[in-house]
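Encoded as structure tokens, the structure appears first; notes follow it.
Every number here is computed from the coordinates shown, using simple stated rules; none is lab data. Values in this document were obtained by computation on a predicted structure and should not be read as measured data. Every residue, glycine among them, receives a Cβ derived from its backbone with ideal geometry; neighbour counts consider all protein chains shown.
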Protein chains: 2
Amino acid sequence: MKGKYEEVTVKTEPIFRGNFISLQVDHVRLPDGRTATREIVRHPGAVAVLALKDDKLIVVEQYRKPLEKSQVEIPAGKLEPGEDPEEAAKRELEEETGYRCESLKRICSFYTSPGFADEKLHLFAAESVVPGTAHLDEDEFLECGEITFEEAQRYIAEGRISDAKTILAVYVWQLYRLTGSFPG
Amino acid sequence: MKGKYEEVTVKTEPIFRGNFISLQVDHVRLPDGRTATREIVRHPGAVAVLALKDDKLIVVEQYRKPLEKSQVEIPAGKLEPGEDPEEAAKRELEEETGYRCESLKRICSFYTSPGFADEKLHLFAAESVVPGTAHLDEDEFLECGEITFEEAQRYIAEGRISDAKTILAVYVWQLYRLTGSFPG
């Protein structure tokens, strides 16, 4: 599915390789023969979990350095190399919140910022979970909680929930409440 | 809203300044006193429009270099410096599709990837539009079309629609069809 507007790479300029992301500038040939540059962030991919417990959404609050503020989000994390997204989702849910789930339903997978990054996020849903013990990564500081649907809507209005995956999950939750099943 | 888990910047290392994004590495002090690095992409922000015409969604298909494939998305684009998001949304809709709208409803604003980027996207909805003439940026190559709700769902299942803003917009459209009004 290259499409007739394909941009052909003439040269790739590596700019940065970090612990988490890398950056390159691709010089491309446009469909009309001219050239342009594309600034591209490479990312390992991520998973997130819409987990419900007694009709409440399990969330974590953590500091997001790029935004310079704390935000309330659904549990999420990066994919390890070669890791199955569903296994990663179960792992992140348990690591960040202590909750475990037997099975997950895949809701959708999406590119977060296709204009400049290849990050793909896989969103799963768990209708029921069992409590356990959280065990965070060493540089991870966050707090777990549970919020009602009305609280989720208020948090979006107030900006305490403000990221794509969590807002998308709240819309999915609303569809689940209206139709009795998850989309996807 | 800094929160108790605030990460204090010790040093900011500028890595790259592009035409579109910039990259920096922040050295931060964690809540337990240790230090860590955060790789951060700066982005000017963006707008997107869920525009309906005779119960069809107006979409554009374009090549996304970071994904190396063409994708179907709702009309969207970067904010110009100092530009009002609603004006930008009207501008992008007209530039990319030719359609004009009198008024837009704000649905939500979200950070696309709060773990590594500060990109904030403002999503608007237009219940009706009038046709006009598209006028693309000089390095923009895309095709405009209209799809039914069933086509939108099939495109998501097939991966032809695969970005956060468009999948989110399709869920918002489904809520609009179920409840008679847009959320937000």
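Rounded to the nearest 20, the size of the Cβ-charge dipole of chain A about its Cα centre is 860 debye, with Lys and Arg at +1 and Asp and Glu at -1.
Projecting the Cα atoms of B:Ala88, B:Gly115, B:Gly132 onto the charge dipole of the stretch B:61-143 (Cβ charges, centred on the Cα centre) puts B:Gly115 farthest toward the positive pole. Compared with the dominant Cα axis of chain B, that is its longest principal axis, helix B:85-97 is turned about 50°.
Relative to the Cα centre, what is the charge dipole magnitude of the protein assembly as shown, using +1 at the beta carbon of each Lys and Arg, -1 at the beta carbon of each Asp and Glu, and rounding to the nearest 20 debye?
Numbers: 48 positive and 68 negative charges, 18 e Å.
So the magnitude is around 80 debye.
Across the stretch A:1-79, C-alpha contacts under 8 Å between residues 6 or more apart give a mean separation that, scaled by the residue count, equals a relative contact order of 21 percent.
Neighbouring Cβ atoms from other chains, within 10 Å of the Cβ of residues in A:158-164, number 5 on average. Ranked from shortest, the separations from the 7 Å Cα-to-Cβ label point of A:Val8 to its equivalents in the other copies are 5.5 nm.
Do any of A:Lys65/B:Lys65; A:Lys65/B:Lys105; A:Lys120/B:Lys120; B:Lys11/B:Lys165; A:Lys78/B:Lys120 go past 22 Å between their Cα atoms, and which? Working shown, then result.
On the way: A:Lys65/B:Lys65 27 Å; A:Lys65/B:Lys105 30 Å; A:Lys120/B:Lys120 17 Å; B:Lys11/B:Lys165 33 Å; A:Lys78/B:Lys120 20 Å.
Distance filter (> 22 Å) returns A:Lys65/B:Lys65; A:Lys65/B:Lys105; B:Lys11/B:Lys165.
From the alpha carbon centroid of the stretch B:8-39 to that of the stretch A:14-57 is 18 Å. Provide the FRET efficiency to the nearest 0.05 for the B:Val130-B:Glu68 pair, computing r from the beta carbons and using R0 = 30 Å. That pair, B:Val130 with B:Glu68, gives E of 0.25. Sorted shortest first, the separations between the A:Arg34 label point and its copies elsewhere in the assembly read 5.0 nm; each point sits 7 Å from Cα along the Cα-to-Cβ line.
Taking Cβ atoms as reference points and 9 Å as the exclusive limit, the residues near B:Glu73 contribute a net charge of 0, counting Lys and Arg as +1 and Asp and Glu as -1. Sorted shortest first, the distances from the B:Asp137 label point to those of the same residue in the other copies are 3.1 nm; each point sits 7 Å from Cα along Cα-to-Cβ. Label-to-label distance, B:Glu146 versus B:Glu80, with points set 7 angstrom from Cα along the beta-carbon direction: 2.9 nm. Ellipticity at 222 nm from helices only: DSSP H runs of n ≥ 4 in chain A, each -39500 (n - 2.57), divided by the residue count, give -6500 deg cm²/dmol.
Normalising the average separation of contacting C-alpha pairs (under 8 angstrom, six or more residues apart) by the number of residues puts the relative contact order of chain A at 21 percent.
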